[in-house]
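The values are calculated or read from the model by the stated rules, or taken from the named source; none is laboratory data. The structure displayed is predicted, hence computed values, not measured ones. Note that each Cβ is placed from the backbone with ideal geometry, even for glycine, and that neighbours are counted across all protein chains shown. The protein model used for the area step is the full one, side chains on, heavy atoms only, and it has no ligands, DNA or RNA in it. Shrake-Rupley method; radii C 1.70, N 1.55, O 1.52, S 1.80 Å.
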Amino acid sequence: MPSRAVVYVVWGAADYAREALDSARSVRAHMPDIPIYLKVAERKLLEGLDTSAFERVEIVEDAPAGPIVKALFLDGLVEDQLLYLDVDTRICDDLAPAFALLDRFDVAAAHAPIRTCVPGEMPDIPAAFTELNGGVIFVRNTPAVRAALSEWRRLYDELRPLSRQDQPSLRKALWQSDLSIYVMPPEWNARLVFPIYLAEPVRILHSRFPDMPAAERKANRDTGQRIFHPPAFLPFGQGLKWRIIRFVVRHRLTGLRKFWPRRREAS
């Protein structure tokens with residue numbers, strides 16, 4: 001049987017390290033023997049953190065700024081199959097069925113509910129090859145996958161003037177690669193902060209809620225076909241609606257940045 005592990009990469013704020021710990025504990029509840037690794041961009045993020053849930057904690061030397069630091073998640077790991085998880089995740093069941101995908105595919109991830117690619121910016125990539133969410137990624141630990149992750153990081157720097165999100169560069173890196181890719185259903189990366197259709201139990205909850213266990217219970221109270229809207233998971237007054245609106249507007253406006261210099265020149 002191939003060796004397996006889970007890895008988190010934390011940057012930005014100590015709160016994220018604490019979220020990684022909560023997520024790791026949910027992994028441990030369903031897969032008690034799997035190794036779990038934590039990588040952090042700065043040592044100060046570990047201050048006051050109980051790291052006993054992790055087999056190893058590593059400081060990433062010369063970590064790049066922003067979310068693309070996650071592209072380093074395979075560095076130094078020897079397991080055959082790895083799962084990268086964003087910190088705002090909660091594991092709701094055994095992950096063995098998703099790891100089994102890696103017996104056949106190089107990468108398994110779910111579609112992104114909000115896609116940040118600027119229309120027409122990548123004309124060499126078919127529109128139907130859309131973005132995958134970069135917060136839950138199952139991969140084989142192979143040279144080809146490592147090369148794709150390295151290219152992801154390079155492309156992020158190249159595309160950063162257009163988008164500070166990591167999804168457009170991941171899309172391009174995967175398209176340019178020869179990797180075999182499986183697109184998982186939303187139950188394996190349930191972004192409940194966006195409207196979502198589910199037909200099975202949620203296995204990986206990927207959202208930031210005040211009460212993650214309560215969100216899991218609500219999502220899986222009925223495990224048949226169902227549709228959820230974000231306000232169902234937050235108390236009244238959390239302002240989720242406006243956060244979503246700001247998110248969408250901000251990332252759509254990034255596509256207009258390239259036009260400003262031309263407009264100024266024309267004037």
(request) Six or more apart or on different chains, Cβ under 9 Å: which pairs go from a residue in region 13-30 that's more than 8 Å from V87 (Cα to Cα) and open to solvent by less than 70 Å² (accessible area, probe 1.4 Å) to one that's in a helix (DSSP H, G or I) and of a type outside the set (D, E)? Could you list them? (result) A13/L45; A14/K44; A14/L45; A14/L46; S26/M212; S26/P213
(request) Residue by residue through region 22-49, note down the ones that are basic (K, R) and in a strand (DSSP E or B). (result) K39
(request) Scan R164, R208, R140, R226 and give me the residue that is in contact (Cβ under 8 Å) with a residue 60 or more places away in the chain and open to solvent by less than 80 Å² (accessible area, probe 1.4 Å). (result) R140
(request) Just one of (1) free of Cβ contacts under 8 Å to residues at least 60 places away in the same chain; (2) surrounded by fewer than 22 Cβ atoms within 10 Å (Cβ to Cβ); (3) of a type in the set (A, V, I, L, M, F, W, C) trips up L170, so point out which. (result) (2)
(request) Return the pairs, sorted by first residue and then second, in which the second residue is open to solvent by 50 Å² or more (accessible area, probe 1.4 Å) and acidic (D, E), the first residue lies in region 178-203 and is in contact (Cβ under 8 Å) with a residue 24 or more places away in the chain, the beta carbons are less than 6 Å apart, and the residues are 6+ apart or on different chains. (result) R203/D93
(request) Those residues that are among the acidic types (D, E) and not in a strand (DSSP E or B), I need them from region 50-71; list them, please. (result) D50, E55, E61, D62
(request) Give the residue, chosen from D86, D80, that is more than 16 Å from G135 (Cα to Cα) and in contact (Cβ under 8 Å) with a residue 24 or more places away in the chain. (result) D80
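Looking only at region 1-21, how many residues end up being within 25 Å of A65 (Cβ to Cβ) and either outside any helix (DSSP H, G or I) or of a type in the set (D, E, K, R) (or both)?
Adding up the residues that qualify gives 11.
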(request) Take region 120-137 and flag every residue that is touching a strand residue (DSSP E or B) at 6+ places or on another chain (Cβ under 8 Å), surrounded by 15 or more Cβ atoms within 10 Å (Cβ to Cβ) and either closer than 17 Å to G76 by Cα or of a type outside the set (D, E) (or both). (result) L132, N133, G134, G135, V136, I137
